[in-house]
Amino acid sequence: WIYSNPRPSKRLHAASAQAKDSSSMAKGTGALRTLSVDEIPSDCSEPVDAKALEQARAIVDGIRKGGEEALKATATKFGDIKEGEGYTYTKAELKAAFDGLPKDQQGVLTRVAERISKFAAAQRASISDTTTDIPGGQAGQTVSPVETAGCYAPGGRYPLPSSVLMTACTARAAGVRQVWVASPHPDQVTMAAAHVAKADGMLKVGGAQAVATLSQGIGPVPKCDIIVGPGNQWVTAAKSLVSQSGTAIDMLAGPSEVLVICDDTAEPGTVAADLLAQAEHDVEARPILVSTSKQLVDAVNSEVVKQLAAMPSPNRETATEACKKGFAVIASSVDDAVEVSDRIAPEHLEIMTKDAMAVGMRCKHYGGLFVGRYAAEVLGDYGMGPNHVLPTAGTARYTGGLSVHTFLRIRTWMRVDRQEDSQAVVRDSVALARLEGLEGHARAAEKRLA
């Protein structure tokens, strides 16, 4: 994570003193430590790991030079495929995977896809072609999708068919003509999700080798205009590399984060469950609690310890390690809690306070906002509507999450029909060009003088 860490306000310094008066080390396995505002990490990790970047570079360069044979060799080396095995699934194979699922599982995938697509369609409708008058003619914008998108879905600790739906359904709602999904070791449900999302095919390869393939286009896999979706450090590193050579990306995603702002009206068990839901993602995930109540923090920590003990393995071990990276902050007021959250700019921000919507609207920096006890972040993960691919590492200060807009190009045009009506602009252009010392510009503009 990269936290923007401006100077804290005087009120936050007062909250820091309160936190230091409380126990700085939480009791019990998995309990969050309590930090003062000054102790909040300012540079916990970079989105792109330096060592992973060099390893990814070797893979990307190798596949660029060696093409399909290099892809097969790399995918075999890393266990994505067996020797001599194909590296893609066709639309027919994806459909067969869906057809082989029980009806209840088919229904889950279909309903989730419908909700994601409905929200994405509403986003698409929010922006349109526009025309306006200019001196002597008209100007406007056109909104059109990219031609081809590659959608990556992780397949490491857990298969994530939800990420297939979030990325591919959104690309389709944007109007992308060709959509391919990539995921390592895809199980039947992940393949079925690709079918439901109307993917044109699936690359059953992961890591930097998948990103390199989608960027370059190999065999039946098309060269993609954009690559989206979360992944491990090698996926992130490879995305950073291909983004420098003509392939767009959505973002450089780091480990998952959740920050919960709560007061004494929050239910400790619910808060703890939401913190652990993110903690089980990865040992590098970061659960953060910001509360106006020390008693609430203590109660949540007790619940975290109890709920961790009841989690199955390996989720329990993963979440326990992640909780070591998490922390709690005691704020002197809700306004101070909002200030802490805005400094961190978390990927997921939950609000469990009185007047939760009003508090949420005061927050400026977050990837996704979840307002009130019943708006669980996990409901966003599994298709309430808004996308679950969100900015991490403090990047929510300047960007948003994956949406139909990620796949759209806004292009402008202008047309001058009446030369006489454009003369004021022509004269200004000649003058401004000469102020800048660009004589060629000035002379080109003068060719339009009446």
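The values are calculated or read from the model by the stated rules, or taken from the named source; none is laboratory data. All of these numbers come straight from a predicted model, not from anything done at the bench. As a convention, Cβ positions derive from the backbone with ideal geometry for all residues, glycine included, and neighbour counts pool all protein chains shown. Protein only, heavy atoms only, side chains kept; ligands, DNA and RNA dropped before computing areas. Shrake-Rupley method; radii C 1.70, N 1.55, O 1.52, S 1.80 Å.
For this structure, a couple of remarks:
- Whole-number D in µm² s⁻¹ for the stretch 237-381, Kirkwood Cα-pair radius fed into Stokes-Einstein, 4 °C, 1.567 mPa s: 83 µm²/s
- Among Glu350, Glu85, Glu317: highest mean-square fluctuation, GNM of the chain, C-alpha pairs under 10 Å: Glu85
- Extension gain (nm, one decimal) between Ala122 and Glu93, 0.36 nm per residue minus Cα-Cα: 7.3 nm
- Global geometry of the stretch 147-220, whether rounded, prolate or oblate, following the gyration tensor of its Cα atoms and the 1.5 cut on a/c: oblate
- Accessible surface of the chain, 1.4 Å probe: 54 percent of it comes from carbon and sulfur atoms.
- Among 215-228, 359-372, sorting by the average number of other beta carbon atoms lying within 10 angstrom of each residue, highest first, gives 215-228, 359-372.
- Positive-end extreme of charge dipole, the chain - chosen from Thr247, Pro47, Thr236 (charges on Cβ): Thr247
- For the stretch 59-180, the square roots of the Cα gyration tensor eigenvalues, ordered a ≥ b ≥ c, give a/c of at least 1.5 with a/b no greater than b/c, which places it in the oblate category.
- Dipole magnitude for the chain: about 620 debye, using +1 per Lys or Arg Cβ and -1 per Asp or Glu Cβ, origin at the Cα centre.
- Descending principal axes extents, the chain, alpha-carbon based, whole Å: 80, 62, 42
- Values of log10 I(q)/I(0) for the stretch 305-442 across q = 0.08, 0.16, 0.21 Å⁻¹ run -0.45, -0.97, -1.38, by the Debye formula with one identical scatterer at each alpha carbon and no solvent.
- Unit charges at the beta carbon, dipole of the chain: most positive-side option, Leu308, Gln209, Thr399: Gln209
- Remark: the stretch 240-380 carries 36 Å² of accessible area per residue (probe radius 1.4 Å; ligands, DNA and RNA excluded).
- Tail weight of P(r) past 17 Å, computed on alpha-carbon pairs of the stretch 119-257, percent: 60 percent
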